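A short worksheet on the structure shown next.
The values are calculated or read from the model by the stated rules, or taken from the named source; none is laboratory data. Since this is a predicted model, take the numbers as computed values, not measurements. Note: ideal-geometry Cβ built from the backbone for every residue, glycine included; neighbour counts use all protein chains shown.
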Amino acid sequence: MNFSIDNLGFLISFNMIGALAIGLISLYIGLYIKNHFKFFNKFGIPAPVIGGILFAVIHLIIRQLRIGTIKYDTTLQDPFMVVFFTTIGIGSSIAALKKGGKLLVIFWLLSGVMTFMQTVIGVGVAKITNIHPLYGVLAGSVSMSGGHGSAGAFGKTVEQLGVMGASTMALSSATFGLLAGGLLGAPLALYLIRKNNLKAVNIVGKDDISFEEKFSYQNITADQLLKHIAVLSIIMMIGTSFSSMLKSYFDLALPSYVGAMFVAIIFNNLNVRYNFINLNRNLIDILGITS
């Protein structure tokens with residue numbers, strides 16, 4: 001952590017370790033607030049959203065009052081995102097998709113239509129307001145559906161095409177989408193669940209995705225943890241290399257985490273069939289959540 005003075009007052013710069021610490025502090029402040037105020041539990045507001053908004057408001061106030069500003073190193077953002085989406089991919093299988101049935105197909109089609117409309121609306125608004133249409137693409141499905149990973153990856157690509165500030169705009173749009181989803185999506189989902197008295201049925205289990213579910217009855221050993229980290233690391237290495245290869249040979253800007261997720265899906269389906277290694281589902285979930 002470094003202190004200096006610039007035209008906005010005090011400048012506090014955090015390296016990647018400091019940025020990690022600030023993120024964890026914000027998370028646990030969010031958890032504390034959520035656990036002590038029933039409002040947040042009632043409407044299902046996620047703890048990271050609570051802590052993140054609080055940090056953002058504090059930063060906004062000190063910046064607007066010209067007290068100072070905060071900068072932090074985002075080096076860990078991409079690798080953590082790759083880990084998270086790899087754990088998502090490794091929990092997917094063809095058997096689990098088949099179990100989704102008709103409702104999954106309907107959901108997939110509706111999601112496709114909504115993703116398409118996000119880009120149509122984004123480009124349309126950009127043209128109406130006389131700004132570059134690529135801003136509309138970035139503010140549409142790239143950031144709304146793709147999140148910060150896609151926003152960061154495609155924002156850099158658009159900047160290389162000569163559109164200034166594309167990355168900042170894309171990441172800002174992704175942040176808006178994340179906050180909107182947390183503040184609006186979760187309360188609406190909880191309202192519909194309670195209104196219709198919905199219950200979980202036909203849950204995908206260990207037999208569908210080839211995971212052991214023994215974590216609740218076992219302590220995590222160093223060997224078990226390292227084995228799972230090794231599996232994830234190999235998948236991520238192959239997946240990120242695949243994304244880089246597509247960029248180099250076919251000029252396709254595919255975020256590194258997408259390649260890792262695809263490789264994880266392929267690995268898990270092969271593992272379901274040939275049983276290369278027994279994976280602890282709950283440990284995989286823990287690695288994904290903590291990243």
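Scanning region 132-156 for residues that are surrounded by fewer than 19 Cβ atoms within 10 Å (Cβ to Cβ) and in a helix (DSSP H, G or I) yields 133, 156.
Condition (residue is touching a helix residue (DSSP H, G or I) at 6+ places or on another chain (Cβ under 9 Å), at pLDDT 85 or above and either aliphatic (A, V, I, L, M) or buried (at least 20 other Cβ atoms within 10 Å of the Cβ) (or both)) applied to region 101-116: is it met by at least one residue? Yes, because at least one residue in region 101-116 is touching a helix residue (DSSP H, G or I) at 6+ places or on another chain (Cβ under 9 Å), at pLDDT 85 or above and either aliphatic (A, V, I, L, M) or buried (at least 20 other Cβ atoms within 10 Å of the Cβ) (or both). Residue selection: residue 180 fails the criterion of being modelled with pLDDT under 85, in a loop (DSSP other than H, G, I, E, B) and exposed (fewer than 13 other Cβ atoms within 10 Å of the Cβ).
Checked across region 205-220, the condition of being surrounded by 18 or more Cβ atoms within 10 Å (Cβ to Cβ), within 26 Å of residue 48 (Cβ to Cβ), touching a helix residue (DSSP H, G or I) at 6+ places or on another chain (Cβ under 7 Å) and modelled with pLDDT of 85 or more holds for no residue. Counting the residues of region 49-90 that are touching a residue at least 60 places away in the same chain (Cβ under 8 Å), of a type in the set (Gly, Ala, Ser) and farther than 25 Å from residue 153 by Cβ gives 1.
If you check 134, 171, which single one turns out to be free of Cβ contacts under 8 Å to residues at least 60 places away in the same chain and touching a His at 6+ places or on another chain (Cβ under 9 Å)? Write out each step before concluding.
Details: 134 fails: touching a His at 6+ places or on another chain (Cβ under 9 Å).
Result: 171 is the single residue among 134, 171 that is free of Cβ contacts under 8 Å to residues at least 60 places away in the same chain and touching a His at 6+ places or on another chain (Cβ under 9 Å).
Restricting attention to region 78-89, does a residue exist that is in contact with a Gly (Cβ under 8 Å, 6 or more places away or on another chain), among the hydroxyl-bearing types (Ser, Thr, Tyr) and modelled with pLDDT of 85 or more? Checked against the condition, which is being in contact with a Gly (Cβ under 8 Å, 6 or more places away or on another chain), among the hydroxyl-bearing types (Ser, Thr, Tyr) and modelled with pLDDT of 85 or more, region 78-89 yields at least one hit. From the list 29, 25, the lone residue that is over 18 Å from the mean Cα position of the chain (by Cα), within 22 Å of residue 289 (Cα to Cα) and crowded, with 16+ Cβ neighbours inside 10 Å is 29. If only residues of region 77-92 that are among the polar types (S, T, N, Q) and buried (at least 21 other Cβ atoms within 10 Å of the Cβ) are counted, the one that is nearest to residue 237 (Cα to Cα) is 86. Cβ-Cβ distances below 8 Å connect no pair with a first residue in region 217-237 that is over 13 Å from residue 82 (Cβ atoms), a second residue that is at pLDDT below 90 and charged (D, E, K, R), and a separation of six or more residues or different chains.
Of 84, 43, 14, which residue is of a type outside the set (Val, Ile, Thr) and in the same structural domain as residue 229 (by TED's automatic domain parsing)?
On the way: 43 fails: in the same structural domain as residue 229 (by TED's automatic domain parsing); 14 fails: in the same structural domain as residue 229 (by TED's automatic domain parsing).
Exactly one residue qualifies, and that residue is 84.
Please state which one of 246, 225 is at pLDDT 85 or above, farther than 30 Å from residue 45 by Cα and either out of contact with any strand residue (DSSP E or B) (no Cβ under 6 Å at 6 or more places or on another chain) or assigned to a helix (DSSP H, G or I) (or both). Outline the logic, then answer.
Numbers: 246 fails: at pLDDT 85 or above.
After applying the criteria, what remains is 225.
Being at pLDDT 85 or above, of a type outside the set (Phe, Trp, Tyr) and in contact with a His (Cβ under 8 Å, 6 or more places away or on another chain) narrows it down to one residue among 234, 284; which is it? Break it down into steps so the answer makes sense when it comes.
Details: 234 fails: in contact with a His (Cβ under 8 Å, 6 or more places away or on another chain).
Unique residue meeting the criteria: 284.
Listed by first and then second residue, the pairs with beta-carbon distance under 8 Å, at least 6 apart or on different chains, first residue in region 258-284 and touching a residue at least 60 places away in the same chain (Cβ under 8 Å), second among the basic types (Lys, Arg) and assigned to a loop (DSSP other than H, G, I, E, B), are 280/214.
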